[in-house]
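Novice: Dumping the structure here so I can ask a few things about it.
Each reported figure results from applying straightforward, stated rules to the coordinates on display, with no laboratory input. Note that this is a predicted model, so its numbers are computed, not measured. Backbone-built Cβ (ideal geometry, glycine too); neighbour counts: all protein chains shown.
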Amino acid sequence: MSAGKPDRDPALLLDMKLAATDALEFAAGLDEAAFLASRLHQAAIIRALEVLGEAAGRVSRVTTAAHPEIAWSEITGMRHRLIHGYEDVRLDIVWSVVQHRLTPLIAALDPLIPGEEDATP
């Protein structure tokens, strides 16, 4: 994890939420076959996941240690695989993350973001 500054964490957590929300919105109305057939949607969703992972990697150790319910290393690890292993991206895994992991992540982030406790994606 990063040695980020705790005073930057609210903005980074909001960036994470916004990127996760973007990925969900980009996938809205698609099924897996449509996602696999659309390079446009793949690129948009992958970019949102990259931003999500980059922001997660900058969150301070204080915050990441205080919130083990968030899979910080998995989120940043996926970002690294998407950026550095772009030629080997498993689109089925990307689709699975969007379908199963982002909504719970947003729910976990909401109480950590000032003013977002009652917000919905």
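Novice: Mind checking the full-extension length gain between H80 and A44? Use 0.36 nm per residue of separation minus the Cα-Cα distance, one decimal, nm. Could the numbers behind the result be given before it?
Specialist: Values: separation 36, 0.36 × 36 = 12.96 nm, distance 1.66 nm.
Gain on extension, H80 to A44, equals 11.3 nm.
Novice: Just how large is the dipole of the range 6-112 about the Cα centre, in debye to the nearest 20, putting +1 at every Lys and Arg Cβ and -1 at every Asp and Glu Cβ? Kindly include the intermediate steps, with their values, before the conclusion.
Specialist: Working: 10 positive and 15 negative charges, 41 e Å.
It works out to roughly 200 debye.
Novice: Using θ = phi - 60° and the Karplus form 6.51 cos²θ - 1.76 cosθ + 1.60, what ³J(HN,Hα) does each residue of the range 54-65 get, whole Hz, x for Gly and Pro?
Specialist: After applying 6.51 cos²θ - 1.76 cosθ + 1.60, I find 5, 5, 4, x, 9, 5, 5, 4, 4, 6, 5, 5 Hz.
Novice: Something else now. List the pair-distance distribution P(r) of the chain, using every Cα-Cα distance, as the percent of pairs falling in each 5 Å bin from 0 up to the bin containing the longest distance, rounded to whole percents.
Specialist: That works out to 2, 12, 23, 24, 18, 12, 6, 2, 0, in percent per bin.
Novice: Oh, and also: Describe numerically, in nm with one decimal, the distance between label points set 7 Å from Cα along Cα→Cβ at A71 and at H100.
Specialist: 0.8
Novice: Karplus couplings for the range 77-92 from phi (6.51 cos²θ - 1.76 cosθ + 1.60, θ = phi - 60°), rounded to Hz, Gly and Pro as x?
Specialist: x, 5, 4, 4, 5, 5, 7, 8, x, 3, 6, 10, 4, 8, 5, 5
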